[in-house]
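Participant: The structure that follows is given in the form of structure tokens.
Since every read-out is calculated from the coordinates, none of them should be taken as a lab result. For clarity, every value in this text was computed on a predicted model and none was experimentally measured. Positions of Cβ are generated from backbone atoms using ideal geometry, with glycine treated the same way; all protein chains shown enter the neighbour counts.
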Amino acid sequence: MKRLWLLFSQSVTVLVAAYFVVATLQPEWLGRGTTRSGAGIALLEAPATPPSQPAAGSFSGAARKAAPAVVSINTSKEVRHPRSNDPWFQFFFGDQGSQAQAGLGSGVIVSPEGYILTNNHVVEGADEIEVTLIDSRRARARVIGTDPDTDLAILKIELDKLPVIVLGNSDALDVGDQVLAIGNPFGVGQTVTSGIVSALGRSQLGINTFENFIQTDAAINPGNSGGALVDVNGNLMGINTAIYSRSGGSMGIGFAIPVSTARMVLDGIVKDGQVTRGWIGVEPNELSPELAETFGVKKATEGVIITGVLQDGPAAQAGMRPGDVIVQVDGKAVSNVSQLLTAVAALKPGQAAAFDVQRADKRVELSINPGVRPRPQRNVRR
């Protein structure tokens, strides 16, 4: 009996080994997954998977959820030669007339009422704006308002049954989170790229007045401006706005405006026609050893030093002086000018806020009643 059992086990082992050898080297002998092409060639095919079941690691669900709400924006404006009114220019070259200049960008539908978020630089100066949806519907858009300080603009279209993106919580993002960038780069059509959140709170880039960018390595190219940055659930995290590039194309460093900022701008423009921001009337500078020594605040190691205070401004009325170092605004620490501008802008005009200040060798708390930040003289992109 023992000998028969040994013989049986050896036979099974040999058969299993032979099966694996054949399955590896000559799978067609087993007829598993084989098919014949029209030319009679034996081919191997992967087993069919249910269409509703995405492949492991796929972002198709997020793309399907968010992509319909991302639109392509085409703009045009009439431009004339700068010397077209010069008689000598007209004598030699004739009347050149005006020429149409086209622009391209992307946008995100954020409301079934037809409101679209995009970048200010996408629509700035445009005479006509046309929006194209993923289902090929087209509509003329009108500008509800712009905010050059954040490079955001609000458009509106009149169409029924609009796809609307779901707004996410950009404040909950972490470095390393996976994200998708959706837009219309170079006019080739809607494109989805993937990457991660490379950094948060990027500022001092010289792009906008108020900077708090999400940095990502998801490919962003010309035409993506105004498009969506979404998380793996398809929720809107930011509005793609700029890239760092030496060639004009993606180099893995892109920037998006957080949806928290975009939502504030949307509410302000739709409700009041403009974004109302706090203002205290000071001239801030980065804290340096030289400035600290000049103003006698050597003990200050962090914060923003104030080198000028507007007479009769909100800060002056609260007792702020040149040489004060603002350390905290309404309980939030500030370490550079960009953070100070953002923190002050977020204050509600007419509602007093606490400013923690380093003055000489002591700490002082000032209660400042912010005013309304003056609007820029010209609607230009910084």
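Participant: If each residue of separation counts as 0.36 nm, what is the full-extension length gain between residue 10 and residue 178 once their alpha-carbon separation is subtracted?
Facilitator: 55.4 nm
Participant: So, one more: Taking 7 Å along the Cα-to-C-beta vector as the label spot, tell me the residue 367-residue 307 distance in nanometres, rounded to one decimal.
Facilitator: Modelled inter-label distance: 3.2 nm.
Participant: While we're here: Can you return the lysines within cross-link range of residue 161? Criterion is Cα-Cα under 23 Å, with same-chain partners fewer than 8 residues away left out.
Facilitator: The reachable lysines, counting only those whose Cα sits under 23 Å from residue 161, are 65.
Participant: Above 18 angstrom, tally the Cα pairs of segment 193-330 and express them as a % of all pairs, no decimals.
Facilitator: Counting every Cα pair in segment 193-330, those more than 18 Å apart make up 66 percent.
Participant: Could you name the aspartates and glutamates in cross-link range of residue 77, using Cα to Cα under 14 Å and dropping any fewer than eight places away on the same chain?
Facilitator: 124, 127, 128, 130
Participant: Here is a further query. Compute the FRET efficiency between residue 316 and residue 276 as 1/(1 + (r/R0)^6), taking r as their Cβ-Cβ distance and R0 = 22 Å, and round to the nearest 0.05.
Facilitator: In this case the efficiency is close to 0.55.
Participant: When we measure straight from the Cα of residue 348, which aspartates and glutamates land under 18 angstrom away, once same-chain ones fewer than 8 places off are left out?
Facilitator: 147, 149, 267, 272, 330, 356
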